[in-house]
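Report on one structure; see the data block that follows.
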Amino acid sequence: MKMILVTLCIVVMILATLCLVVSYAFKACAADGGVVVEPAIGPVGDNHTLLGLGVENAKRTDFFQFFFWREAGREKDAQGRAVVLFAQPTDGHFAKYVKLKTTLDAHDKIAKVELRVARSFVNNTDTAIFARDIIKSVIEQSTPKADQAAVAPLTAELLPPAPRGGVQIMPKKLPEPDNPSSAYQVIVGKRETAEITLSQCAIHLTNTANGQPESALVVTIGVKK
């Protein structure tokens with residue numbers, strides 16, 4: 001019994017020391033203007049790509065769980081297709097800045113994913129890293145595996161690959177790529193539109209009402225027609 005108590009005390013001391021070290025590291029990072037973020041979700045396999053999934057299965061993916069997307073309503077688009085609207089919980093830090101919707105095909109499978117991100121969320125140096133994380137994630141999670149390599153340069157422009165199972169420490173002022181792609185320029189607000197046509201899907205990025213209070217970045221990933 002005595003040995004068990006001694007062992008437990010040692011374990012508690014080790015954990016306390018680790019917590020203290022991590023705390024100091026995070027404080028040092030903050031003092032240098034850095035930002036601590038959770039790791040990006042990363043690319044997905046064929047079985048979990050959002051395109052082609054039913055809505056209920058999509059809700060169980062890392063992307064929906066990680067960003068706390070909750071169904072907020074349903075409507076029809078101009079072609080009569082079902083559109084499912086999603087929002088983050090109203091008490092979330094970024095709920096008012098991001099909206100998501102998925103358009104379903106005739107078989108009730110996701111044919112298009114649209115993420116709307118407030119321009120103020122993307123441009124603010126205090127929140128830009130979080131905006132980029134969700135933009136990067138929706139592109140990676142929606143793009144079929146066959147096209148993942150083609151979008152990797154864009155997602156790397158947004159944020160460098162993050163370690164899985166740990167945290168990522170990024171400078172508060174994110175570095176700019178030497179030769180930014182047209183898609184990246186749209187994301188940071190320096191260009192109005194860009195389109196990436198891949199083998200199985202198409203990615204469209206556009207800025208709406210650029211410079212106005214209601215301006216937003218819209219990222220659409222859809223099954224290639």
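We did not get these values from a lab; they are worked out from the coordinates using the rules stated. Small disclaimer: the values here were computed from a predicted structure and weren't measured. Reconstructed Cβ throughout: ideal geometry from the backbone, glycine too, with neighbour counts over all protein chains shown.
Taking other residues whose beta carbon is less than 11 angstrom from the beta carbon of Ile187, and scoring Lys, Arg as +1 and Asp, Glu as -1, yields +4.
Label-to-label distance, Arg60 versus Glu214, with points set 7 angstrom from Cα along the beta-carbon direction: 3.9 nm. Ordered by the count of other Cβ atoms within 10 Å of each Cβ, fewest first, Thr155, Thr193, Thr206, Thr49 give Thr193, Thr206, Thr155, Thr49. Of the residues Asp91, Asp126, the one with the fewest other Cβ atoms within 10 Å heads the list, and the complete ranking is Asp91, Asp126.
Among Asp62, Asp133, a tally of other beta-carbon atoms within 10 Å of each Cβ gives an order, fewest to most, of Asp62, Asp133. Computed from the C-beta positions of Arg81 and Asn179 and an R0 of 35 Å, the FRET efficiency is 0.40 to the nearest 0.05.
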